[in-house]
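Data first, discussion second: the structure below is written as structure tokens.
The values are calculated or read from the model by the stated rules, or taken from the named source; none is laboratory data. All values reported here derive from a predicted model rather than from experimental measurement. Methodologically, a virtual Cβ is constructed for each residue, glycine included, from the backbone with ideal geometry; neighbour enumeration extends over all protein chains shown. Surface accessibility is based on the protein's heavy atoms, side chains included, excluding ligands, DNA and RNA. Shrake-Rupley method; radii C 1.70, N 1.55, O 1.52, S 1.80 Å.
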Amino acid sequence: MSREILIQVQKSERQVAIVDNGHVEDFQIEVDRYQSLLGNIYKGRVESILPSINAAFVNIGQQRNGFLYLTDAVNPLLDEEFPEPRKMLDKIFKKNSPGDKRHKEKNVRNEIPLKVGQEILVQVVKDPFGEKGARLTTHISLPGRFVVYMPFDKQTGVSKKIDNEEERQRLREVMKGFTFAKTGGFIIRTASLKQGKRELLWEARYLYKIWTLIDKKSEKEKAPALIYEEGELTWTIVRDYLTEKVDKLIIDSHEEYLKIRKFVESRIGRQMVSKIHYYKGELPLFEAKHVAKELQKIYDTHVYLKSGAYVVIQPTEGLIVVDVNSGKFKTSASPGEAAFMVNMEVVPEIARQLRLRDLGGIIVIDFIDMVREEHKRRVLDALKRELFHDHAKTEVYKISPLGIVEMTRARTGKTIESISFGECPFCDGRGRVKIG
């Protein structure tokens, strides 16, 4: 078993591949022409409030105003007289629902927890997309490797993915030592499994220190202003993916290699530094590690499996369509068993392609029709298992009588394809050119 993180640095972009036994399991890319705002914290100014859609538009100094749901509008920069907004707005709408629409909107406008011109601290949870501005929240979180600090939320807990009750109890005991934080709450991340008390306390203190600096800067700056920048893709990958399960992290930039070593030694631990390697071969790193061809396939519409079956992945403006086909799949089994076998085979590849391409939003998967309810249940369970370790939040709904599964995958930024490619000037993105 071998698990590696490959980081290929070029003049205007950085590419990261997570490789498990020679098989690419995850892929991320960052280009200079498209800088992600995800995780950035801004001091913004409320430009307009639309009670009809329960939202506000906030100027954060970008090309388009950010979008903030009113139910997310709570932090110390807001007026203290307002209660927790989600419960309050539910009460307001319920109270005014039978009456006149204009009367209802007037009451809501008078009681919502924001005012036009008000300054507010917000964090980007979804990058600008198309004509839409960044999606914002006031529930700010500062993620570390082992711990997440939430300065405005009182909740404290352990990641649900840590299912060992004895380990969960140990981590809860460690968290009792986080008394240095005057406000907010902490979440223990999955990577903290079997980590010592000293490491967890150190990082919790570090995150709290970062927050105190953010808090002080937010008081001095005038909106709109960038208060805190999340950082480059390389640092995020090292923070979130460099675990005990990784054998090597290989990077082809000597400058970045030295920075990563220093970062890992100070933030993660000296024991992890030996995993970091500088690649200085003549071939590009991805070619030398035999992953370049596999990565090129993530831009293809058709994905073929060894059995001859294949899936067609077609993004549209409103949703992603995934079509399962038996292709050249051959078996002596009955048609019903054959359909089940193909569907089970493509499930891991579908989950993998969603990660590699970073596809999000509404996703519709058209499996081959199955008659037996047991087959449908097993295919659905298999899909949920494969999506469990996805870094993006997913939700899968019941399989329909036609074999169609509807699911959602959280979209926080542009897809890999949209970052790497532009629209064709000859066919206007249709993928076809008129003949004659």
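Here are a few things to note about the model shown:
- Dipole orientation for the chain: of the candidates F152, M341, G431, F152 has the Cα lying most toward the positive pole (charges on Cβ; Lys, Arg +1; Asp, Glu -1).
- Each Lys and Arg adds +1 at its Cβ and each Asp and Glu adds -1 at its Cβ; summed about the Cα centre, region 189-278 shows a dipole of about 480 debye.
- The stretch between H23 and R64, if pulled fully straight at 0.36 nm per residue, gains 10.8 nm over its current Cα-Cα span.
- Distance between the modelled labels on D323 and E417, one decimal in nanometres: 1.3 nm (7 Å Cα→Cβ projection).
- Stretch gain in nm, segment V312-I53, where the contour uses 0.36 nm per residue and the Cα spacing is subtracted: 89.7 nm
- Here the Debye sum runs over all C-alpha atoms of region 189-342 as equal scatterers in vacuum, and log10 of I(q)/I(0) at q = 0.09, 0.15 Å⁻¹ comes out as -0.59, -1.01.
- Global form of region 288-401, assessed from the alpha-carbon gyration tensor, a/c cut-off 1.5: oblate
- With N as its number of residues, region 324-388 has a Cα radius of gyration that, divided by 2.2 N^0.38 Å, comes to 1.15.
- Label-to-label distance, E221 versus R372, with points set 7 angstrom from Cα along the beta-carbon direction: 5.9 nm.
- Mean residue ellipticity (222 nm) of the chain, computed from DSSP H runs ≥ 4 via -39,500 (n - 2.57), nearest 500: -9500 deg cm²/dmol
- Sequence of T190, T156 from largest to smallest accessible area, 1.4 Å probe: T156, T190
- The modelled label-to-label distance for the pair L213/V273, using points 7 Å beyond Cα in the direction of Cβ, is 2.2 nm.
- Figure note: E25, E386, E166 ranked by solvent-accessible area, largest first, 1.4 Å probe, ligands and nucleic acids not counted: E166, E386, E25.
- Selected from Q314, G281, L295, residue furthest toward positive end of dipole (region 271-348; charges at beta carbon): G281
- In a fully extended conformation the segment linking K248 and H389 would gain 48.7 nm over its present Cα-Cα distance, using 0.36 nm per residue.
- Of the chymotrypsin sites (Phe, Trp or Tyr not before Pro) found in region 367-424, the ones in coil according to DSSP and having at most 16 other Cβ atoms within 10 Å of their Cβ are F388, F421.
- Residues in region 264-272 carry Karplus couplings, in order, of 5, 5, 8, 9, 10, x, 4, 5, 8 Hz; the curve used is 6.51 cos²θ - 1.76 cosθ + 1.60 with θ = phi - 60°, and Gly or Pro positions show x.
- Ordered from largest to smallest accessible area (heavy atoms of protein chains, 1.4 Å probe), the residues W211, W202, W235 come out as W202, W235, W211.
- Cα-Cα over 20 Å, subset of K216/K262; K43/K216; K182/K209: K216/K262
- Accessible surface, per residue, of region 16-66 when the full set of protein chains is kept, probe 1.4 Å, Å²: 40
- Karplus (6.51, -1.76, 1.60) ³J(HN,Hα), θ = phi - 60°, over region 11-19, in Hz, Gly and Pro reported as x: 4, 10, 7, 10, 10, 10, 10, 9, 10
- Cβ charges +1 (Lys, Arg) and -1 (Asp, Glu), total dipole of the chain, debye: 900
- Across the chain, the fraction of Cα-Cα pairs farther apart than 37 Å, rounded to a whole number, is 36%.
- Two-site FRET efficiency, E337 against A410, from Cβ-Cβ distance with R₀ of 35 Å, rounded to 0.05: 0.50
- Coil-residue GluC sites (Glu not before Pro) of region 210-287, DSSP, other Cβ within 10 Å capped at 15: E221, E229, E232, E244, E282
- Shape call, region 268-349: gyration tensor on alpha carbons, a/c limit 1.5: prolate
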